[in-house]
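Novice: If you scroll down you'll find the structure; I have some questions about it.
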Amino acid sequence: MDEFAIDVKQLDKTFGQVPALRGVSLQVRRGEMVALLGASGSGKSTLLRHLNGLHCADAGSPSSVAVLGRRVQAGGRLARDIRATRSKVAVVFQQFNLVARLPVMTNIMAGALHRLPLWRGLLRRFPAAELARAQEAMARVGIARLAAQRASTLSGGQQQRAAISRALVQGAEIILADEPIASLDPEASRKVMQSLADVNRDLGVTVLVSLHQVDFAFAFCPRTIALHDGRVVFDGPTRALTPDRLRELYGAQVGELLPAQATTHPTAWPTAAPEYADVALRVA
Ligand SMILES: Nc1ncnc2c1ncn2[C@@H]1O[C@H](COP(=O)(O)OP(=O)(O)OP(=O)(O)O)[C@@H](O)[C@H]1O
Ligand SMILES: [Mg+2]
């Protein structure tokens, strides 16, 4: 089996005159849960969008991206079989991307459309096995009882968990989550991160989740990749990211990455991030 879920080499991306990514290389193994940390404008969304081919790297650059052993792009050109690869990669955005007026179940079944005949999607007549799969996916993230409600009636955190269910129904082997908790209160944030950790642990889904603040990386992600100004400035165990280390990496921007109480009350800072085994215990 191919070794890496995500394999990025020398990714360069420039928007006009603005370099957004500069020589970014990283590898994520299957089954890892990794935080992508960075202040606003550091390149997190741009990087995630390259992983499923929504962005192409600079033409003629040495950049390459492969996921699950399949090429997504190289030298600024998309692979021809990108659609097949995309079905294995789901994206969860900060802005809840559900259709507000449709029931939660219908939203989640959208994940199955790529393997069903068109008429089933149009008439919303789904095979029993697919409906059962959707029910199971909703139960896994704790929203089974909300299946018949309109998506617009769900809280932000419930909507994000619905988006995670849809990723499961899609059969995604990788979830790319772009600041999925940026609009949520701490309790809802915790539940969404917990759902990501559960599908990572129980189903082996690889998770790469971009975060503005380091505290949730500490609680849920054994490894963090930190971006600053389009470059990878740290890639290693989250527990190594002490406030001092972050200050070293980010200078004046560090305030964006630390939870409010960590700057005013240093004692509130978690002393050590969990290692992988600890994470498994915590979510049990
Ligand atoms: N479509 C675009 N056109 C022009 N510039 C862009 C575009 N997308 C991103 N950029 C620029 O690229 C850089 C990286 O942006 P990106 O959105 O990837 O950062 P981010 O880390 O996701 O930030 P945030 O935390 O605010 O979401 C920024 O300077 C941004 O202005
Ligand atoms: Mg972003």
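The values are calculated or read from the model by the stated rules, or taken from the named source; none is laboratory data. No experiment lies behind these values; they were computed from the predicted model shown. Don't worry about glycine lacking a Cβ; one is built from the backbone with ideal geometry, like all the others, and counts go over all protein chains shown.
Novice: Taking only the range 211-236 into account, find how many residues are part of a strand (DSSP E or B) and over 17 Å from Ser25 (Cβ atoms).
Specialist: The number of residues fulfilling the criteria is 1.
Novice: Out of everything in the range 26-46 that is in a strand (DSSP E or B) and more than 14 Å from Ala217 (Cβ to Cβ), what residue ends up being nearest to ligand 2 (Cβ to nearest atom)?
Specialist: Here the answer is Leu26.
Novice: Continuing with this model, one more query. List pairs: first residue in the range 75-87 and without any contact (Cβ under 8 Å) to a residue 60 or more places away in the chain, second residue among the hydroxyl-bearing types (Ser, Thr, Tyr) anywhere in the structure, Cβ distance under 9 angstrom, at least six positions apart or on different chains.
Specialist: Gly75/Ser61; Gly75/Ser63; Gly75/Ser64; Gly76/Ser61; Gly76/Ser63; Ala79/Thr85
Novice: Taking the range 39-69 as the search range and keeping residues that are surrounded by 24 or more Cβ atoms within 10 Å (Cβ to Cβ) and more than 14 Å from ligand 1 (Cβ to nearest atom), which one is nearest to Glu3 (Cα to Cα)?
Specialist: Among those that are surrounded by 24 or more Cβ atoms within 10 Å (Cβ to Cβ) and more than 14 Å from ligand 1 (Cβ to nearest atom), it is Val67.
Novice: Here is a follow-up. Mind counting the residues in the range 162-180 that are part of a helix (DSSP H, G or I), farther than 19 Å from Val34 by Cα and touching a Ser or Thr at 6+ places or on another chain (Cβ under 8 Å)?
Specialist: The number of residues fulfilling the criteria is 1.
Novice: Check the range 130-142 and report whether any residue there is within 13 Å of Leu98 (Cβ to Cβ), of a type outside the set (S, T, N, Q) and over 23 Å from the mean Cα position of the chain (by Cα).
Specialist: No, the range 130-142 has no match at all.
Novice: Take Arg49 and decide whether it is within 16 Å of ligand 2 (Cβ to nearest atom) and modelled with pLDDT of 95 or more.
Specialist: Spelling it out, Arg49 is indeed within 16 Å of ligand 2 (Cβ to nearest atom) and modelled with pLDDT of 95 or more.
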